[in-house]
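S.K.: What follows is a structure written as structure tokens; I'll ask about it next.
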């Protein structure tokens, strides 16, 4: 069958951290469709999403809706939204966003992954058919493996960046290396070895960047709601801001850790003194990671969430208990669509000052 | 000639300034309303301070700024230290009360709690989304009751049976208040109810999960309201200390931090005659439209900020 004559779909997915690169790769290599890269999130994206969203919905809904609308402007005719495994409002994102977008008069295909049944993997194929009716299963599986390798490479490289970027001698070295890495992923050959080579090369490049890491840096654990924690625009770039104060920031949460390496029963066991039941989505993993960091002697915990994220609100009292038991200060942030940074900087700077003074005081005592 | 240090705290409602000597003692302090124009307020403040400053024996060698306009004023005055108000308040207060363990602070638009142990901040929290239960709220309700803000606390103290009022949200509180007035509650009881509502709002939201231990120091504009002070004492069960100089604690802390920084940047009061201009303009180079703030002294660019990327940077 000659597929070249059929008109390709112009598929797009919302901005979310840097995972767009992987999605693009899967759509173009695995499904032979075109991919429309949604414009980077700006104030306009936020305003667009905000205007057409219910007022009290969580901010990731607004951001992703804004991204979809901008992707349509950029030429996309098929949109994909995630959903599925989690028990929070995310499950309804797709259904509602599809309705909002269609009510606005756009004639698009909306592929809502929440419509697939996790118990029956074959149900995913009906969604795949919406993206390409003549899909080739071997090609999808082959590309899927490459993309999985890319996911692992991306998350590991991002973690390396986060660990070191605050201590780089020359501002911007790590970001430039990371940019090159993403570019290479986009152009990579469709096999695992190509991905491994890119990963290795970037690792070497990053290790060659001069850094000055103090003997006993302030160590902060970053936790919170899935989207806000991973998306720099939503989190007001808080991860970078903390790094620039000279804090070492550890973030466990990323897509590979939560979807591939995560074992909920293990985490549940670890936190059983604090929590009896799952409170949904990422709460168990967040509480588990917070407890782990508290035990490892971290200097502080920072918790981010979108305003009104119910599961994370449930996690907050538990986090407070952990923090008072281990004497670790915690800072909570709740974001919606505000754009002033001043209040965030005030609280962050005070947090840093407090930890620094506490640490210095502790050292004096030990002398 | 001895060294002196100046601290300036520019808040949403009021602007405070102190000058201290090398032993952190206050040489002079002043206080006035910001009235929405921080730059003009600071100029006025400097004139007031200059009139009381002993320029023959002291010279100001460094400035610290704090409060919501700290960056702007810091740029204009070439400050040695620009510090957030939480740290500044903690430093200023421990200087007055070295043994303080809890600081309540309710200002014009924000409220915070600072927990200290052995003179070191160990925990703090700030109000999050809105200004419910802050000075702005009291001013509004006082106006509704036709009471002067200054008299509000005294009137509240005369009540024997405070009216229950919801303080979670200003809109809810207003409708509660209107309703209570209509069923014939007295102004005294309503004023006392509002004071209690502010305290409960503070303890339930800002101070949630924090361990309040004495000595407790209460600061910020609202600490001048005796009704709120009494309500705090009733609810916490601890005596609440309010200082005469409590409103200057932030400025005092900023001055101390400037002294500790050891950076010498001599200051001249003649700056009040210098032409200062601040512009805020949209960058326009991408859809972010960052608002870039530029500060000019006699036409020359002193500082600029607000841009998210290099494209929006403004240089002289």
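No value in this document is a laboratory result; all are computed from the given coordinates. The model shown is predicted, which means the values in this text are computed figures rather than measured ones. Cβ: placed from backbone, ideal geometry, glycine included. Neighbour counts: every protein chain shown.
S.K.: Counting only C-alpha contacts under 8 Å and six or more residues apart, can you give the relative contact order of chain B as a whole percent?
M.R.: Numbers: 671 pairs, mean separation 68.7, N = 316.
About 22 percent, as a whole number.
S.K.: In nm, give the distance between the simple-model label positions of residue A:183 and residue B:233, each being 7 Å from the Cα along the Cα-to-Cβ direction.
M.R.: 6.9 nm
S.K.: Can you compute the FRET efficiency between residue A:109 and residue B:281 using 1/(1 + (r/R0)^6), with r the Cβ-Cβ distance and R0 = 41 Å? Round to the nearest 0.05. Could you put the intermediate results ahead of the total?
M.R.: Working: r = 42 Å, r/R0 = 1.03.
It comes to 0.45.
S.K.: Going 7 Å from the Cα of residue A:204 in the Cα-to-Cβ direction, what parts of segment A:143-164 have a backbone nitrogen less than 20 Å from that spot?
M.R.: Label zone hits: A:150, A:153-154, A:156-158, A:160-161.
S.K.: Could you work out the relative contact order of segment A:136-213, using alpha carbon pairs under 8 angstrom and six or more residues apart, expressed as a whole percent? Walk me through the intermediate numbers first.
M.R.: Numbers: 59 pairs, mean separation 33.1, N = 78.
Relative contact order of segment A:136-213: 42 percent.
S.K.: Next question, about the same structure. Considering every Cα-Cα pair within chain B, what fraction, in whole percent, is farther apart than 24 Å?
M.R.: Working: 28427 of 49770 pairs.
Tail of the P(r) past 24 Å holds 57 percent of the pairs.
S.K.: Please work out the Cα center distance from segment B:268-292 to segment B:184-221, rounded to the nearest Å.
M.R.: Value for the Cα centre distance between the two parts: 39 Å.
S.K.: Would you please state the base-10 log of I(q)/I(0) at q = 0.10, 0.13, 0.16, 0.18 1/Å for segment B:42-185, with intensities from the Debye formula using one equal scatterer on every alpha carbon?
M.R.: With no solvent term, the Cα-only Debye profile gives -0.55, -0.85, -1.07, -1.17.
S.K.: Next question. Remind me, what semi-axes does the protein assembly as shown give for its equivalent ellipsoid, largest first in whole Å, using sqrt of 5 times each Cα gyration tensor eigenvalue?
M.R.: Values: eigenvalues 478, 180, 128 Å².
Semi-axes, largest first: 49, 30, 25 Å.
S.K.: How far is it, in nm, from the label point at residue A:359 to the one at residue B:289 when both lie 7 Å from their Cα along the line to the Cβ?
M.R.: Simple spin-label model gives 4.1 nm for this pair.
S.K.: When a/c reaches 1.5 or more, the comparison of a/b and b/c decides; with that in mind, is segment A:215-367 rounded, prolate or oblate per its Cα gyration tensor?
M.R.: On the way: a/c = 1.76, a/b = 1.17, b/c = 1.51.
Cα axes put segment A:215-367 in the oblate bin.
S.K.: Okay, moving on. Can you compute the modelled spin-label distance between residue A:87 and residue A:313, with each label point 7 Å from Cα toward Cβ, in nm?
M.R.: Placing both labels 7 Å along Cα→Cβ, they lie 1.8 nm apart.
S.K.: A further question follows. Relative to the longest principal axis of chain A, what angle (0 to 90°, nearest 10) does the C-alpha long axis of helix A:173-186 take?
M.R.: Rounded to the nearest ten degrees, it is 20.
S.K.: Right, next: Using helices alone, what [θ] at 222 nm do you get for chain B, with -39,500 (n - 2.57) per DSSP H run of 4 or more residues, divided over all residues and rounded to the nearest 500? Show your work: numbers first, answer last.
M.R.: Numbers: 9 runs with 107 residues, N = 316.
Roughly -10500 deg cm²/dmol at 222 nm, from the helical runs in chain B.
S.K.: Still on this structure, please answer the following. Suppose the chain between residue A:56 and residue A:192 were pulled fully straight at 0.36 nm per residue; how much longer would it get relative to their current alpha carbon spacing? Can you show the working numbers first?
M.R.: Values: separation 136, 0.36 × 136 = 48.96 nm, distance 4.29 nm.
The residue A:56-residue A:192 span can extend by a further 44.7 nm.
S.K.: I've got another one for you. Evaluate E = 1/(1 + (r/R0)^6) for residue B:51 and residue B:150, where r is the Cβ-Cβ distance and R0 equals 30 Å; express this FRET efficiency to the nearest 0.05. It would help to have the intermediate numbers written out before the result.
M.R.: Values: r = 25 Å, r/R0 = 0.82.
E between residue B:51 and residue B:150, to the nearest 0.05, is 0.75.
S.K.: Can you work out the PRE-style zone for residue B:245? Point 7 Å along Cα to Cβ, and I want the residues of segment B:63-83 with backbone N under 18 Å.
M.R.: Those under the cut-off are B:63-66.
S.K.: Starting from 0 in steps of 10 Å, tell me what percent of the Cα-Cα pairs of chain A lands in each bin.
M.R.: Percent of pairs per bin, in order: 5, 22, 31, 27, 12, 3, 1, 0.
S.K.: What number, in percent, do you get for the relative contact order of chain A if the mean sequence gap of Cα pairs under 8 Å and at least 6 apart is divided by its residue count?
M.R.: Working: 517 pairs, mean separation 57.1, N = 367.
Relative contact order of chain A: 16 percent.
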